[in-house]
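Chemist: To start, I am sharing the structure in question, which I have written as C-alpha cells.
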Amino acid sequence: MAKVGDLSLIIKLLGGIVLGALLGFVANESVMHVVVSIRHIFGQIIFFLVPLVIVGFITPAIVRLGQNASKILVTGVLLAYISSLGAALFSTCAGYALIDHLSIATSTETLRKLPEMVFRLDIPPLFSVMSALTLALVFGVAIAWTKSETMSRLFGELERVMTMLVAHVLIPVLPFFVGLSFMGLSYEGSLSRHLPVFISMVLIVLVGHFIWLAVLYGLGGLISGRSPREVFRHYMPAYLTAVGTMSSAATLPVALSCARKSRVLSKTMVEFMVPLGATVHLCGSVLTETFFVMTLSQILYGALPSVGTMLLFCVLLAIFAVGAPGVPGGTVVASLGIVTGVLGFDQNGVALLIAIFALQDSFGTACNVTGDGALTLMLEGIFNRNCELDSLQNPSEQA
C-alpha cells in the first residue's frame, strides 16, 4: 500500500510545479533576482551531494554482488546502451513516417533573460558524476575481488550516512528546487512562447516516451518472469521529480526510494542499477533528440537525413548517451559533435535544437528515470531469477 509520505511528496512536487509556473507569469525583475539566487543555492546543495550518493550506493551494491560484479556491471551498461539505441531507431522510424505529414512553424524570438543573482554561493562537488561512477565501480569491483572486510564495512557505513542525508536533506529540498525552476521557465517565456510553436513535435515525442516505456517494461516482465506493473506503479514520485529537476542525477534519491518499494526487486539490484541507470541510461533523451534533429533538418535544410546517415547517428548517439552527464541538457550537449559532424547542422540549427530540446527536457529525463526500473527488472531476471542475492521486499516491509 502507498505510504502517506509518498502522497505528500507527490503533492509537494505538483504544488511546486503549478505554483512556480503561475508566479513566474506575474513576478517582476526584483523578485526574480532573489528567486534565481535561492534556486542556485538549492541546486548547489543537490549537485554537491549527488556524486556522494552514487559512491555511497553503487559501491556497497557491487560489493554485495560478489564475484559476479564485473559480469553484472557489463550487462547493466549493455542493457542501457541497447535501450538507448532501440529508442533512437524507434524514433527514426517514427520520423520517416510522420514528419512529412507535419506542418511545423518556427520562431526566432528570444526569451526574456533571467536577471543576475543578487547573491551567489557556489558549492562545487568534490568530483563529477562520471568520476563518482568510475570511483564506485573501481572500488566496488576491487573490494569484491579482494574480499576486504574492512572496506566492505566502511562503505556499508557510508551507505547508511548517505541514506540519512537523502532522507533529511535532498528530498526536502527537491520540491522547492522544482518550483523555483518552473518559476524561472515561466518568467523567461518558455512556457508560453515556444510551446505553441513546437507543440506537435513535443506531443509526438511524449507519446513515443510512453510507447518505449511500455516496450521496456514488457521486456522486463518477460525476462524476469515478474510483474512489471509492480515496479512501474511506484515510479510516479520519481517521474514528477524528474519533470521538475530535468536531471536524472538530481532525481536519483527519489528514484531509489520508488524502486525499493517494489516487491519484485531486490535491494542489491535496486542500489546497483538505479544509480548506474541515472548516469548511463538516457533512452527518453535519445528518443527525443533523434526525432527533433530529423524535424529540424526538414525545417531548416528542406530534407530528412538519409537512412544511412540516421543509422550512423543513432549508433553514435547511444554511445554518447552512456557517457553524458545526468544533468539538464546533458545528452544534447554531449552529442553536439555528431549533430554537426554527421548531420551537418550549422550554428542556427544547433541553437534551435538546444532551445527546443530544453523545452521538453524534463519529460525526456522522466522517461530515462522511469526506464531504469525496467532495466533493474531485466537484471533480476538474468542474475537473480531465483532470488538468491538477497531477499526481495516482503509484505511486512511494505506496510
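Chemist: Name the residues in the stretch 136-160 that are open to solvent by 60 Å² or more (accessible area, probe 1.4 Å) and in contact with a helix residue (DSSP H, G or I) (Cβ under 7 Å, 6 or more places away or on another chain), would you?
Modeler: Phe139
Chemist: Run down Ser247, Ser227 and say which single residue is open to solvent by 30 Å² or more (accessible area, probe 1.4 Å) and not hydrophobic (A, V, I, L, M, F, W, C). Give the steps one after another, and end with the answer.
Modeler: Values: Ser247 fails: open to solvent by 30 Å² or more (accessible area, probe 1.4 Å).
So the residue among Ser247, Ser227 that is open to solvent by 30 Å² or more (accessible area, probe 1.4 Å) and not hydrophobic (A, V, I, L, M, F, W, C) is Ser227.
Chemist: Thr134: under 30 Å from Gln44 (Cα atoms), of a type in the set (Val, Ile, Thr) and free of Cβ contacts under 8 Å to residues at least 40 places away in the same chain, yes or no?
Modeler: Details: under 30 Å from Gln44 (Cα atoms): yes; of a type in the set (Val, Ile, Thr): yes; free of Cβ contacts under 8 Å to residues at least 40 places away in the same chain: yes.
Judged against the criteria, Thr134 is a match.
Chemist: Might you let me know whether the stretch 69-82 holds any residue that is buried (at least 23 other Cβ atoms within 10 Å of the Cβ), at pLDDT 80 or above and within 26 Å of Val202 (Cβ to Cβ)?
Modeler: There is at least one residue in the stretch 69-82 that is buried (at least 23 other Cβ atoms within 10 Å of the Cβ), at pLDDT 80 or above and within 26 Å of Val202 (Cβ to Cβ).
Chemist: Only one of these is under 13 Å from the mean Cα position of the chain (by Cα) and open to solvent by less than 30 Å² (accessible area, probe 1.4 Å): Leu265, Leu317, Leu276. Name it. Spell out how you get there, then give the answer.
Modeler: Values: Leu265 fails: under 13 Å from the mean Cα position of the chain (by Cα); Leu317 fails: under 13 Å from the mean Cα position of the chain (by Cα).
Testing whether each residue is under 13 Å from the mean Cα position of the chain (by Cα) and open to solvent by less than 30 Å² (accessible area, probe 1.4 Å) leaves just Leu276.
Chemist: Next question, about the same structure. Would you pick out the residues in the stretch 162-180 that are more than 12 Å from Ser257 (Cα to Cα) and in contact with a Phe, Trp or Tyr (Cβ under 9 Å, 6 or more places away or on another chain)?
Modeler: Met162, Val173, Leu174, Phe176, Phe177, Leu180
Chemist: Is there a residue in the stretch 125-133 that is outside any loop (DSSP other than H, G, I, E, B), under 20 Å from Gly244 (Cβ atoms) and open to solvent by 30 Å² or more (accessible area, probe 1.4 Å)?
Modeler: Initial filter on the stretch 125-133 (outside any loop (DSSP other than H, G, I, E, B)): 129-133.
From what's left, under 20 Å from Gly244 (Cβ atoms): 129.
Subsequent filtering for residues that are open to solvent by 30 Å² or more (accessible area, probe 1.4 Å) retains none.
No; the residues of the stretch 125-133 include none that is outside any loop (DSSP other than H, G, I, E, B), under 20 Å from Gly244 (Cβ atoms) and open to solvent by 30 Å² or more (accessible area, probe 1.4 Å).
Chemist: Quick one: which of Thr106, Thr59 is over 18 Å from the mean Cα position of the chain (by Cα), modelled with pLDDT of 80 or more and not charged (D, E, K, R)? Before the answer, list the steps.
Modeler: Working: Thr106 fails: modelled with pLDDT of 80 or more.
Going through Thr106, Thr59 in turn, the sole match is Thr59.
Chemist: Within the stretch 204-212, identify whether any single residue is modelled with pLDDT of 90 or more, among the hydrophobic types (A, V, I, L, M, F, W, C) and open to solvent by less than 20 Å² (accessible area, probe 1.4 Å), and answer yes or no. Lay out the reasoning, then the answer.
Modeler: At the first step, the residues of the stretch 204-212 found to be modelled with pLDDT of 90 or more are 204-212.
Now narrow it down to the ones that are among the hydrophobic types (A, V, I, L, M, F, W, C): 204-207, 210-212.
Right, trim to open to solvent by less than 20 Å² (accessible area, probe 1.4 Å) and you get 205.
The answer is yes; a qualifying residue exists.
Chemist: Identify, by number, the condition in (1) farther than 28 Å from Met269 by Cα; (2) modelled with pLDDT of 90 or more; (3) not hydrophobic (A, V, I, L, M, F, W, C) that Gly20 doesn't meet.
Modeler: Evaluating Gly20 over (1) farther than 28 Å from Met269 by Cα; (2) modelled with pLDDT of 90 or more; (3) not hydrophobic (A, V, I, L, M, F, W, C) leaves (2) as the failure.
Chemist: Would you say Met117 is of a type outside the set (Lys, Arg), modelled with pLDDT under 85 and within 30 Å of Met183 (Cα to Cα)? Walk me through how you get there before you give the answer.
Modeler: Values: of a type outside the set (Lys, Arg): yes; modelled with pLDDT under 85: no; within 30 Å of Met183 (Cα to Cα): yes.
For Met117, the condition - of a type outside the set (Lys, Arg), modelled with pLDDT under 85 and within 30 Å of Met183 (Cα to Cα) - is not met.
Chemist: Taking the stretch 45-66 as the region of interest, how many residues are open to solvent by less than 40 Å² (accessible area, probe 1.4 Å) and closer than 15 Å to Phe177 by Cβ?
Modeler: So the answer is 3.
Chemist: Now for a different question. Give me the pairs: first residue in the stretch 88-114 and part of a helix (DSSP H, G or I), second residue modelled with pLDDT under 80, beta-carbon distance under 6 Å, and six or more apart or on different chains, which are they?
Modeler: Every condition considered, no pair remains.
The values are calculated or read from the model by the stated rules, or taken from the named source; none is laboratory data. In this text, all values refer to a predicted model and were calculated from it rather than measured experimentally. So basically every Cβ, Gly included, is an ideal-geometry build from the backbone, and we count neighbours across all protein chains shown. In case anyone asks, the SASA skips ligands and DNA or RNA and just uses the protein heavy atoms, side chains included. Shrake-Rupley method; radii C 1.70, N 1.55, O 1.52, S 1.80 Å.
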